[in-house]
Structure formats: C-alpha cells, structure tokens
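The values are calculated or read from the model by the stated rules, or taken from the named source; none is laboratory data. Here the structure is a predicted model, which means the values were calculated and not measured. As a convention, Cβ positions derive from the backbone with ideal geometry for all residues, glycine included, and neighbour counts pool all protein chains shown. Heavy atoms of the whole protein, side chains included, go into the accessibility calculation; ligands, DNA and RNA do not. Shrake-Rupley method; radii C 1.70, N 1.55, O 1.52, S 1.80 Å.
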Amino acid sequence: PLKLGVLASGSGSNFEAIAQAIENKELNAVIQVLIYNIPDAKVKERADRWNIPTVFLNHRDYKKREDLDTAIVDILKEYQVEWVIMAGWMRIVTEVLVNAFPNHVINIHPSILPSFKGIHAIEQALQAKVKVTGCTVHLVSVEVDSGLILMQAVVPILSDDTPETLHARIQVQEHRIFPQAIVLAAKLII
Ligand code: GAR
C-alpha cells in the first residue's frame, strides 16, 4: 500500500473522500498521519473518526515558510510517509517540502489550471464570466499551482451560482478525481 501523509487546513471533505476510497479498496493506500494547522479544523474530527494519527502545527510558531516545512518533513519522515497529499492545505509550500519528496507531493486546486491560480480561484472564475471551471490534481513544484497535471474535471457555471454553490459542485468532482489521481501518480512515478 502507498503510505500517504495528508496536509489539510479546513473541513477535510477531500481527506474523507480519500479515506473512503481506501476503505472501498479503490485506492491501495494507508493514511499514516494527518497534519493540520488550524486548531478547530473539522478535518481533525474526521481523522479521529477514522483512527488516523494527527499532528497539529501552528504556522504562526514559525518565522519562515521553510521552518514550517522543515517541521512538516520531520513529522512525515517519522511516520514513514512516501506520498504527501495536500487536501485543502492553505499554505504556500517551499522547496524544503518539495525536495524532501521529489515528484511525490500532490495538490488539489479548485480550477482548471493554469487558469485561476491562488487562493481565490472560485471567485476569479465567477468574475471572469467563463462558462466552465472545475478542479485539478497535480504534482507540486516550487512555483505555486504548477507542476505536472494528473487529472482534471470540468464543472459548468450556472447563471445563479454563488461562490458557495459553485464550490459545492466542484467538490463533488474533487472527491471523485482525487483518489483516482493518486492511483495514477503511483503508476506514473515509482
Ligand atoms: C478544496 O476545494 C480544494 O480544492 C481547495 O480547498 C478546498 C478544501 O476542501 N484548495 C485550495 O484552494 C488550495 N489553494 P476540504 O477541506 O473540504 O477538502
């Protein structure tokens, strides 16, 4: 089984989808540890329910992004993680993390990259008045929201969409493609 370490900051619905895909034997993997950085993030409760070990790291305790990433790498190595899964990790990562796990860091982003990079991807898509957006699972490189694209899904934008309604429909697709993209990554990259 692939040894996964998940980084998450929020509700953890993607974490849940990955845990469920493992349970369903659609993904041959084990989540070794969840690292989260927001004290009351719902993802923590989800991990507890799945009996998955969790570690809280407060990014405010670290002066530089590199220092936070060094702490993350130490924990991931301690838990013998091979694949780093960024499932709603709302921090910019540095070469410290990327170089510790070359070609083994995977991110999900709520747009069809390379369109709408950054933390306001859904609002940007609405403002641009495009007819479709979606989500992307990609390998992480040091440049933000770049790196080899593993899988994408398209979601239509409806005339009455708000950021919330659109995000909800994007998430349905995220939960479907994220586990599949991890399977694909492991086939592509040894
Ligand atoms: C997901 O929609 C993911 O695409 C997005 O955060 C959400 C996390 O949801 N990621 C980013 O915006 C990365 N910049 P979740 O906590 O329910 O999995």
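Table for the structure above
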read-out	value
For region 164-177, Karplus couplings with θ = phi - 60° (6.51, -1.76, 1.60), whole Hz, Gly/Pro x	6, 5, 5, 4, 4, 6, 5, 5, 4, 6, 4, 5, 6, 8
In order through region 67-80: 3J(HN,Hα) via Karplus (6.51 cos²θ - 1.76 cosθ + 1.60), integer Hz, x for Gly, Pro	5, 4, 5, 4, 5, 4, 4, 4, 5, 4, 5, 4, 8, 6
Placed amide H near Met151: partners under 5 Å, 5+ positions off or other chain	Val137
Separation of the Gln80 and Val142 label points, Cα + 7 Å toward Cβ, nm	3.2
Asp61 versus Val172: modelled label distance in nm, points set 7 Å from Cα along the beta carbon direction	4.0
Amide H contacts of Val55 (H built 1.01 Å from N, under 5 Å, at least 5 apart or other chain)	Leu34, Ile35, Tyr36
Top of Arg169, Arg91, Arg60 by mean-square fluctuation, Gaussian network on the chain, Cα under 10 Å	Arg60
Reachable lysines from Lys3, criterion Cα separation under 16 angstrom, eight or more residues apart if same chain	Lys25, Lys77, Lys187
J(HN,Hα) series, region 22-34, from Karplus relation 6.51 cos²θ - 1.76 cosθ + 1.60, nearest Hz, glycine and proline x	5, 4, 7, 6, 8, 9, 8, 7, 9, 7, 6, 6, 10
Qualifying GluC sites (Glu not before Pro) in region 84-190, DSSP loop, other Cβ atoms within 10 Å at most 13	Glu143
The chain - percent of accessible surface contributed by carbon and sulfur, probe 1.4 Å	54
Solvent exposure, largest accessible area first (probe 1.4 Å, DNA, RNA and ligands not counted), of Ser13, Ser141	Ser141, Ser13
222 nm mean residue ellipticity, helices alone, for the chain (DSSP H n ≥ 4; -39,500 (n - 2.57); rounded to 500)	-12000 deg cm²/dmol
Amide proton proximity set for Leu2, modelled H, under 5 Å, gap of 5+	Ala29, Val30
Charge dipole magnitude, Cβ of K and R +1, D and E -1 - the chain, Cα centre, debye nearest 20	200
